[in-house]
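The values are calculated or read from the model by the stated rules, or taken from the named source; none is laboratory data. Since the model is a prediction, treat every value here as computed from it, not as a measurement. Backbone-built Cβ (ideal geometry, glycine too); neighbour counts: all protein chains shown.
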Amino acid sequence: MNVSHPLFQRSCTLLKSTQLSSKTYQQEYVFPELAKISKPGQFVQIRVSAEYSPLLPRPFSILNVNANQGTLTVLFKIFGEATEILSRKLEGETVEILGPLGNTFELNRIKKLFLVAGGVGIPPIYYLLQTIDMPRYDISLFLGAATKDDLFLREEFNNMDIEKSFSTDDGSYGTKTLITVPLEDALKRGFSSSKACILSCGPMPMLAEVQRLAQKYKVEAQLSVETIMACGIGICQGCVVPLHGNTKDAKKYTLVCVDGPIYSRDELIL
Ligand SMILES: Cc1cc2nc3c(=O)[nH]c(=O)nc-3n(C[C@H](O)[C@H](O)[C@H](O)COP(=O)(O)OP(=O)(O)OC[C@H]3O[C@@H](n4cnc5c(N)ncnc54)[C@H](O)[C@@H]3O)c2cc1C
Ligand code: FES
């Protein structure tokens, strides 16, 4: 699924920062070159500070772009130092952003979409839904998270005229279960496998279960992996994930930052 496209790096001004919950922020930046060409599934690397620490940029999925206004929007949860610094940025301040990085979801010939996302894997699925002509597809959406606060953009998804299932680990929103449970229920009900595909983004254990279910019910899948990354451009080897086809003597790996983040159903050992 490798793609080549222009890459831009520039200092981007923060236009708007919105706190969505105690640890979640949505931020809109000026980045006209990227807004013209980015596609769902791609991500950016943000260097949050010009200071020595944190030295490395951090990867964030593209939540949306506005090509007319030349803006890029990301949504993030505070995990550590970089996301904490980012959350404190004020409108008018700048950060260094590189992108668009990575490959994109491919919808050729697909009519039935099972969209499955967990936690910070939700943004790329939201971006996809913003760009496609929804009535052309039969869409079933499955969103899971630890708590209600981590089920980002609930209202926006609820306003979409598509079939939806929500779940949380603590039962604070939707069903108290793993999101792969309602996914399996839907797969059991049947679908036209030649035109169906699961598109999924989220934590590794969720992706591993999505991969297992996709293989069991013989449906294609595109899995977007959010590994820990450092350079984001194929130099540091910090984002390796093993590939199928490994032998005792030769192991095969992929660099998620340059080959991914999206892989087809059977490519990765999850
Ligand atoms: C392709 C891609 C897209 C991403 N998109 C988003 C997004 O849209 N929104 C968002 O909130 N986050 C996203 N992430 C995760 C985000 O990059 C990390 O949360 C961020 O780098 C943490 O930086 P930090 O300095 O705040 O925390 P750090 O101090 O770097 O990390 C804090 C803790 O989180 C762990 N951690 C860091 N990155 C990850 C990761 N990728 N997976 C699991 N654990 C991790 C670290 O091991 C550490 O325990 C994405 C990651 C990738 C690879
Ligand atoms: S993050 Fe450095 S090689 Fe992928």
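Checking the stated criteria, K89 turns out not to satisfy the condition of being under 19 Å from the mean Cα position of the chain (by Cα), among the basic types (K, R) and within 14 Å of ligand 1 (Cβ to nearest atom).
Within the range 218-237, the residues that satisfy the criterion of being of a type outside the set (S, T, N, Q) and closer than 19 Å to G118 by Cβ are V219, A221, L223, V225, E226, I228, M229. Determine, yes or no, whether E96 is surrounded by fewer than 19 Cβ atoms within 10 Å (Cβ to Cβ), in a strand (DSSP E or B) and either within 16 Å of ligand 2 (Cβ to nearest atom) or not assigned by TED's automatic domain parsing to the domain that holds T175 (or both). Yes.
Go through the residues of the range 196-216 one by one and say whether even a single one is in contact (Cβ under 8 Å) with a residue 60 or more places away in the chain, touching a Leu at 6+ places or on another chain (Cβ under 7 Å), in a loop (DSSP other than H, G, I, E, B) and farther than 18 Å from N103 by Cα. Break it down stepwise before answering.
Taking the range 196-216 as the starting set, the residues that turn out to be in contact (Cβ under 8 Å) with a residue 60 or more places away in the chain are 196-204, 206-208, 210.
Imposing the further condition that a residue be touching a Leu at 6+ places or on another chain (Cβ under 7 Å) reduces the set to 197, 199-200, 204, 207-208, 210.
Checking which are in a loop (DSSP other than H, G, I, E, B) leaves us with none.
Scanning the range 196-216, I find no residue that is in contact (Cβ under 8 Å) with a residue 60 or more places away in the chain, touching a Leu at 6+ places or on another chain (Cβ under 7 Å), in a loop (DSSP other than H, G, I, E, B) and farther than 18 Å from N103 by Cα, so the answer is no.
Per-residue answers, yes or no, for (1) over 18 Å from the mean Cα position of the chain (by Cα); (2) among the aliphatic types (A, V, I, L, M); (3) surrounded by 12 or more Cβ atoms within 10 Å (Cβ to Cβ):
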site	(1), (2), (3)
M160	yes, yes, yes
E184	yes, no, yes
S194	yes, no, no
S200	no, no, yes
P203	no, no, yes
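Anything in the range 128-153 that is among the hydroxyl-bearing types (S, T, Y) and touching a Phe, Trp or Tyr at 6+ places or on another chain (Cβ under 8 Å)? List them, or say none. Across the range 128-153, the qualifying residues are S140, T147. Suppose the filter is under 30 Å from A82 (Cβ atoms), outside any loop (DSSP other than H, G, I, E, B) and free of Cβ contacts under 8 Å to residues at least 12 places away in the same chain; does P242 pass it? In short, no.
Here Y263 clears all of (1) farther than 15 Å from N103 by Cβ; (2) in a strand (DSSP E or B); (3) within 16 Å of ligand 1 (Cβ to nearest atom) except the condition numbered (1). I'd like the full set of residues that are β-branched (V, I, T) and modelled with pLDDT of 90 or more, limited to the range 229-261. Residues satisfying the conditions are I235, V240, V241, T254, V256, V258.
Scanning the range 38-91 for residues that are surrounded by fewer than 20 Cβ atoms within 10 Å (Cβ to Cβ) and of a type in the set (S, T, Y) yields S49, Y52, S53, S87.
Please state which one of K23, K16 is at pLDDT 95 or above, of a type in the set (K, R) and touching a helix residue (DSSP H, G or I) at 6+ places or on another chain (Cβ under 9 Å).
Details: K16 fails: touching a helix residue (DSSP H, G or I) at 6+ places or on another chain (Cβ under 9 Å).
Selected residue: K23, the only one of K23, K16 that is at pLDDT 95 or above, of a type in the set (K, R) and touching a helix residue (DSSP H, G or I) at 6+ places or on another chain (Cβ under 9 Å).
When the helices (runs of 4 or more DSSP H) confined to the range 101-189 are screened for residues that are touching a Lys or Arg at 6+ places or on another chain (Cβ under 7 Å) and either under 30 Å from D259 (Cβ atoms) or without any contact (Cβ under 8 Å) to a residue 40 or more places away in the chain (or both), those reaching at least 1 such residues are found at 154-158.
Determine whether the range 226-241 contains at least one residue that is away from ligand 1 (no atom under 16 Å from the Cβ) and not hydrophobic (A, V, I, L, M, F, W, C).
First, the residues of the range 226-241 that are away from ligand 1 (no atom under 16 Å from the Cβ): none.
Among the residues of the range 226-241, not one is away from ligand 1 (no atom under 16 Å from the Cβ) and not hydrophobic (A, V, I, L, M, F, W, C), which makes the answer no.
Which residue is surrounded by the most Cβ atoms within 10 Å (Cβ to Cβ), if the candidates are limited to the range 213-246 and must be within 16 Å of ligand 2 (Cβ to nearest atom) and polar (S, T, N, Q)? Going through the qualifying residues, I end up with S224.
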